[in-house]
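Take a look at the structure set out below.
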Amino acid sequence: MIKTIYGETSQDVVQYRQGSGLSTEIFNIVVSSERGVGKGRRLVEQVKEDVKEQSKLLYAITRVSNRIALQFYKGIGFRVIARLNEFYRDTNEDGIMLGIDL
């Protein structure tokens, strides 16, 4: 089931789904135009709080070219788990899976 958490505004949102195992995937995170003020971090912290009893790993997948997302996730403690060859079918671009233990 997809769950959604809203931040300070309806434009700040994170969507995630818990897997059948012990992991949860963040598959969409959006913050309003003010970057660098902690909105994304707070949204991820809310997800961590929501799933900590059911999950051992929180992960996200992003395009290898998405430097902003990679910097964001690494900056809040996520580590690279795997490179996913040609994960994005529209461009055959590789994906990067990043995760953090809960």
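The values are calculated or read from the model by the stated rules, or taken from the named source; none is laboratory data. Please read these numbers as outputs of a predicted model, since none were measured by experiment. When we count neighbours, we look across all protein chains shown, and the Cβ atoms used for this are built from the backbone with ideal geometry, even at glycine.
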*Tally the residues that are under 19 Å from residue 99 (Cβ atoms), touching a helix residue (DSSP H, G or I) at 6+ places or on another chain (Cβ under 8 Å) and among the small types (Gly, Ala, Ser), restricting the search to region 1-60.*
2
*asked:* Name the residue that is farthest from residue 78 (Cα to Cα), counting only residues in region 5-34 that are of a type in the set (D, E, K, R) and in contact (Cβ under 8 Å) with a residue 12 or more places away in the chain.
replied: 8
*asked:* Quick check on my filter: what residues within region 52-63 are closer than 16 Å to residue 28 by Cα and either modelled with pLDDT under 95 or among the aliphatic types (A, V, I, L, M) (or both)?
replied: 58, 60, 61
*Find all pairs meeting these conditions: Cβ atoms under 6 angstrom apart; at least six residues apart or on different chains; first residue within region 91-102 and over 8 Å from residue 58 (Cβ atoms); second residue among the small types (Gly, Ala, Ser) and surrounded by 17 or more Cβ atoms within 10 Å (Cβ to Cβ).*
98/60
*Select from region 23-41 the residues that are more than 12 Å from the chain's Cα centre (by Cα) and of a type in the set (Lys, Arg) and write down the one among them that is modelled with the lowest pLDDT.*
35
_Can you tell me which condition residue 82 does not meet? The list is (1) assigned to a helix (DSSP H, G or I); (2) at pLDDT 95 or above, and all the others hold._
(1)
*On the given criteria, is residue 77 at positive phi and at pLDDT 95 or above?*
yes
_strands (runs of 3 or more DSSP E) contained entirely in region 1-73, each with at least 2 residues that are polar (S, T, N, Q) and surrounded by 13 or more Cβ atoms within 10 Å (Cβ to Cβ)_ = 13-18, 23-30
_Being farther than 21 Å from residue 7 by Cα and exposed (fewer than 13 other Cβ atoms within 10 Å of the Cβ) is the requirement here; does residue 94 meet it?_
no
